[in-house]
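Undergrad: I am attaching a structure below and will ask some questions about it afterwards.
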Amino acid sequence: MVSLSDPALAQACQRVLETGVGMDEADVLAVLEQPDEQIPAVLEVAHQVRLRWCGPAVEVEGIVSVKTGGCPEDCHFCSQSGLFASPVRAVWLDIPALVEAARQTAATGATEFCIVAAVRGPDPKLMAQLRAGVAAIRAEVDINIAASLGILDRSQVDELVQLGIHRYNHNLETARSFFPNVVTTHGWQERWETLRMVRESGMEVCCGGILGLGETVQQRAEFAAQLAALAPHEVPLNFLSPRPGTPLEQRPLLDPRDALRAVAAFRLALPRTILRYAGGRELTLGDLGTRDGLLGGVNAVIVGNYLTTLGRPAEQDLALLQQLKMPVKALSSAL
Amino acid sequence: MYCDRCGRDLAGDLAGETDHAACRAARALEPPRFCPQCARRMKVHVLPAEWRAECVEHGVLRGGRNGS
């Protein structure tokens, strides 16, 4: 039974638990507006939903940037935009280093390795680097390869399928109503179109965003509902880490209580989706936040470092999973 | 010497005139971006278990997670 003090919300949670159908936007908003003393209760029900509809296993992933910085887009949270006075320099990762990154990821027991590029969309040089990188990784490392290369056209989608990219990440980042406050060089709809083509291609869709960009709680609920409409295989949840030189440099960190409310709310909106802790969790939630999230709806983590910032050591996350008796999803069951 | 996070001269810091405590704290979760010897912006690669930062003049710095 769900132990929330709001009977209508408790009933809505019970429905999600029993049916595996996600909450609507109004109920998600109610979760996001729960008082502090109700946070443990919403995390508990989100955890029950995750166990019921996803099981106890946790999917572990590593990521690396194959092309860093110098991006022509103006995503206001991103240190890799070439339009801001960020200290991040443009640089390409060579193939041996890419293979080493995959090897480091596989050594953690991870099943997923995502190759990321800071671009509007892939050009022929990037596609060539990806082809060579995927072949080199396949020759030496046993791991699923995902990619995140920005906005795609149909022929690029087809090529990624041919390369065996099993999951494609393209974040909507925030609610459609707030997106123009965060990005002006392309639109939310362009991102949606790429996601639509990825889905049609048979690749798994990975789509999430960043919380704490200045969106309202209502827009956070709107975003959860928009992701639910997309029904992605995976939703990575990032929390803003304000980067030097970016327009959001001075934004305060998301309140950790709001971050935990959001973890529970997104799980209740997306009961069957892989919900992944991604960047910013260390800064926003500290070490205890990883535990709280894993006991509050999260069933996947990025381990080790991120694209331009450092994460906590993978060993800490893996030890926590062992302590919580949550098995790491095995490669055989991920394929 | 220069702050490897913001690139500013650390002389003021050593004299107690400026404070890079925030930079030092942030470096726990960030690789260096500026060469501590000349303040040039470095080319930085972040891999899952390590980072590598290269200054065209002063060579390569390497580290693991948490700025070590």
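The values are calculated or read from the model by the stated rules, or taken from the named source; none is laboratory data. Since the model is a prediction, treat every value here as computed from it, not as a measurement. A quick note on method: Cβ atoms are made from the backbone with ideal geometry, for glycine too, and the neighbour counts reach across all protein chains shown.
Undergrad: Looking at this structure, is A:Ala8 modelled with pLDDT under 95, surrounded by fewer than 18 Cβ atoms within 10 Å (Cβ to Cβ) and among the hydrophobic types (A, V, I, L, M, F, W, C)?
TA: On the way: modelled with pLDDT under 95: yes; surrounded by fewer than 18 Cβ atoms within 10 Å (Cβ to Cβ): yes; among the hydrophobic types (A, V, I, L, M, F, W, C): yes.
Taking the combined requirement at face value, the residue satisfies it.
Undergrad: Out of the stretch A:167-186, which residues are of a type outside the set (S, T, N, Q) and either within 16 Å of the chain's Cα centre (by Cα) or in a helix (DSSP H, G or I) (or both)? Spell out how you get there, then give the answer.
TA: Of the residues in the stretch A:167-186, the ones of a type outside the set (S, T, N, Q) are A:167-168, A:170, A:172-173, A:175-176, A:178-180, A:182-183, A:186.
Once the filter is applied, which keeps residues that are of a type outside the set (S, T, N, Q) and either within 16 Å of the chain's Cα centre (by Cα) or in a helix (DSSP H, G or I) (or both), the stretch A:167-186 yields A:Arg167, A:Tyr168, A:His170, A:Leu172, A:Glu173, A:Ala175, A:Phe179, A:Pro180, A:Val182.
Undergrad: Still on this structure, I have one more. Among the residues of the stretch A:264-288, write down those that are surrounded by fewer than 21 Cβ atoms within 10 Å (Cβ to Cβ), within 14 Å of chain B (Cβ to nearest Cβ) and either in a loop (DSSP other than H, G, I, E, B) or in contact with a helix residue (DSSP H, G or I) (Cβ under 7 Å, 6 or more places away or on another chain) (or both). So that I can check it myself, show each step before the final result.
TA: Within the stretch A:264-288, the subset surrounded by fewer than 21 Cβ atoms within 10 Å (Cβ to Cβ) is A:272, A:283, A:286-288.
Those left that are additionally within 14 Å of chain B (Cβ to nearest Cβ): A:283, A:286-287.
Listed by number, the list holds a single entry, A:Leu283.
Undergrad: Right, next: One residue is enough: does the stretch A:312-335 have a residue meeting the conditions within 20 Å of A:Asn169 (Cα to Cα), in contact with a Leu (Cβ under 9 Å, 6 or more places away or on another chain) and not basic (Lys, Arg)? Outline the logic, then answer.
TA: In the first step, residues of the stretch A:312-335 are kept if they are within 20 Å of A:Asn169 (Cα to Cα); the result is A:329, A:331, A:334-335.
Going one step further and asking which of them are in contact with a Leu (Cβ under 9 Å, 6 or more places away or on another chain), we end up with none.
Scanning the stretch A:312-335 turns up no residue that is within 20 Å of A:Asn169 (Cα to Cα), in contact with a Leu (Cβ under 9 Å, 6 or more places away or on another chain) and not basic (Lys, Arg).
Quick grid of which residues meet (1) within 19 Å of the chain's Cα centre (by Cα); (2) farther than 22 Å from B:Arg33 by Cα; (3) of a type in the set (S, T, N, Q):
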{"site": "A:Ala85", "(1), (2), (3)": "no, no, no"}
{"site": "A:Ala90", "(1), (2), (3)": "no, no, no"}
{"site": "A:Ala117", "(1), (2), (3)": "yes, no, no"}
{"site": "A:Pro122", "(1), (2), (3)": "no, yes, no"}
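Undergrad: Here is a further query. Going by what's in this entry, would A:Gly293 be described as crowded, with 21+ Cβ neighbours inside 10 Å, at positive phi and at pLDDT 95 or above?
TA: For A:Gly293, the condition - crowded, with 21+ Cβ neighbours inside 10 Å, at positive phi and at pLDDT 95 or above - is not met.
Residue by residue, here is whether (1) assigned to a helix (DSSP H, G or I); (2) not hydrophobic (A, V, I, L, M, F, W, C) holds:
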{"site": "A:Leu126", "(1), (2)": "yes, no"}
{"site": "A:Gln129", "(1), (2)": "yes, yes"}
{"site": "A:Ile137", "(1), (2)": "yes, no"}
{"site": "A:Ala147", "(1), (2)": "no, no"}
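Undergrad: Does any residue of the stretch B:6-22 turn out to be facing chain A (nearest Cβ under 9 Å) and assigned to a strand (DSSP E or B)? Before you say what the answer is, go through the steps one by one.
TA: Applying the first criterion (facing chain A (nearest Cβ under 9 Å)) to the stretch B:6-22 yields B:6-7.
Restricting the remaining residues to those that are assigned to a strand (DSSP E or B) gives none.
Within the stretch B:6-22, not a single residue is facing chain A (nearest Cβ under 9 Å) and assigned to a strand (DSSP E or B).
Undergrad: Taking the stretch A:115-124 as the search range and keeping residues that are surrounded by fewer than 23 Cβ atoms within 10 Å (Cβ to Cβ) and either in contact with a strand residue (DSSP E or B) (Cβ under 9 Å, 6 or more places away or on another chain) or not in a helix (DSSP H, G or I) (or both), which one is nearest to the other protein chains (Cβ to nearest Cβ)? Even if it seems obvious, please write down each step before you answer.
TA: As a first pass, look at the stretch A:115-124 and keep what is surrounded by fewer than 23 Cβ atoms within 10 Å (Cβ to Cβ): A:116, A:119-124.
Those left that are additionally either in contact with a strand residue (DSSP E or B) (Cβ under 9 Å, 6 or more places away or on another chain) or not in a helix (DSSP H, G or I) (or both): A:116, A:119-123.
Numbers: A:Val116: 11, A:Val119: 17, A:Arg120: 21, A:Gly121: 22, A:Pro122: 20, A:Asp123: 20 Å.
Checking each candidate, the answer is A:Val116.
Undergrad: State whether the residues of the stretch A:73-89 include one that is closer than 20 Å to A:Gly164 by Cα and facing chain B (nearest Cβ under 8 Å). Full working, then the answer.
TA: Step one: filter the stretch A:73-89 for residues closer than 20 Å to A:Gly164 by Cα, giving none.
Within the stretch A:73-89, none of the residues are closer than 20 Å to A:Gly164 by Cα and facing chain B (nearest Cβ under 8 Å).
Undergrad: Please determine whether any residue of the stretch A:227-236 is in a loop (DSSP other than H, G, I, E, B), more than 16 Å from the chain's Cα centre (by Cα) and crowded, with 21+ Cβ neighbours inside 10 Å.
TA: Narrowing the stretch A:227-236 to residues in a loop (DSSP other than H, G, I, E, B): A:231-233.
In the following step, the residues that additionally are more than 16 Å from the chain's Cα centre (by Cα) were identified as none.
There is no residue in the stretch A:227-236 that is in a loop (DSSP other than H, G, I, E, B), more than 16 Å from the chain's Cα centre (by Cα) and crowded, with 21+ Cβ neighbours inside 10 Å.
Undergrad: Take B:Pro31 and tell me if it is within 18 Å of A:Ile63 (Cα to Cα), of a type outside the set (D, E, K, R) and in a loop (DSSP other than H, G, I, E, B).
TA: Details: within 18 Å of A:Ile63 (Cα to Cα): yes; of a type outside the set (D, E, K, R): yes; in a loop (DSSP other than H, G, I, E, B): yes.
When the stated conditions are applied, B:Pro31 passes them.
Undergrad: Can you tell me which of A:Gln189, A:Gln219 is surrounded by fewer than 22 Cβ atoms within 10 Å (Cβ to Cβ), in contact (Cβ under 8 Å) with a residue 40 or more places away in the chain and part of a helix (DSSP H, G or I)? Let's see the steps before the verdict.
TA: On the way: A:Gln189 fails: in contact (Cβ under 8 Å) with a residue 40 or more places away in the chain.
Sole residue among the options that is surrounded by fewer than 22 Cβ atoms within 10 Å (Cβ to Cβ), in contact (Cβ under 8 Å) with a residue 40 or more places away in the chain and part of a helix (DSSP H, G or I): A:Gln219.
Undergrad: Hey, any hits in the stretch B:34-49 for a residue that's surrounded by 13 or more Cβ atoms within 10 Å (Cβ to Cβ), within 8 Å of chain A (Cβ to nearest Cβ) and charged (D, E, K, R)?
TA: Yes - at least one qualifying residue is present in the stretch B:34-49.
Undergrad: Let me ask something additional. Applying the selection to the stretch A:93-111, what residues are within 12 Å of chain B (Cβ to nearest Cβ) and more than 16 Å from A:Ala136 (Cα to Cα)? Steps first, answer last, please.
TA: If we filter the stretch A:93-111 for residues that are within 12 Å of chain B (Cβ to nearest Cβ), which is where we start, we get A:93-94, A:96-108, A:110.
Hits for the stretch A:93-111 are A:Ala107, A:Thr108, A:Ala110.
Undergrad: Follow-up. Scan the stretch A:71-80 and tell me whether some residue there is surrounded by fewer than 19 Cβ atoms within 10 Å (Cβ to Cβ) and within 24 Å of A:Gly212 (Cβ to Cβ). Break it down stepwise before answering.
TA: In the first step, residues of the stretch A:71-80 are kept if they are surrounded by fewer than 19 Cβ atoms within 10 Å (Cβ to Cβ); the result is A:72, A:74.
This time we only want the ones that are within 24 Å of A:Gly212 (Cβ to Cβ), so: A:74.
Checked against the condition, which is being surrounded by fewer than 19 Cβ atoms within 10 Å (Cβ to Cβ) and within 24 Å of A:Gly212 (Cβ to Cβ), the stretch A:71-80 yields at least one hit.
Undergrad: Another question about this same structure. Going by what's in this entry, would A:Thr68 be described as crowded, with 18+ Cβ neighbours inside 10 Å, over 30 Å from B:Arg41 (Cα atoms) and either at the interface with chain B (Cβ under 9 Å from one of its Cβ atoms) or modelled with pLDDT under 95 (or both)? Can you show your working first?
TA: Numbers: crowded, with 18+ Cβ neighbours inside 10 Å: yes; over 30 Å from B:Arg41 (Cα atoms): no; either at the interface with chain B (Cβ under 9 Å from one of its Cβ atoms) or modelled with pLDDT under 95 (or both): yes.
It is false that A:Thr68 is crowded, with 18+ Cβ neighbours inside 10 Å, over 30 Å from B:Arg41 (Cα atoms) and either at the interface with chain B (Cβ under 9 Å from one of its Cβ atoms) or modelled with pLDDT under 95 (or both).
Undergrad: Have a look at A:Gln250, A:Gln316 and point out the one that is in a helix (DSSP H, G or I) and farther than 25 Å from A:Gln226 by Cβ. Before the answer, list the steps.
TA: On the way: A:Gln250 fails: in a helix (DSSP H, G or I).
Among A:Gln250, A:Gln316, only A:Gln316 is in a helix (DSSP H, G or I) and farther than 25 Å from A:Gln226 by Cβ.
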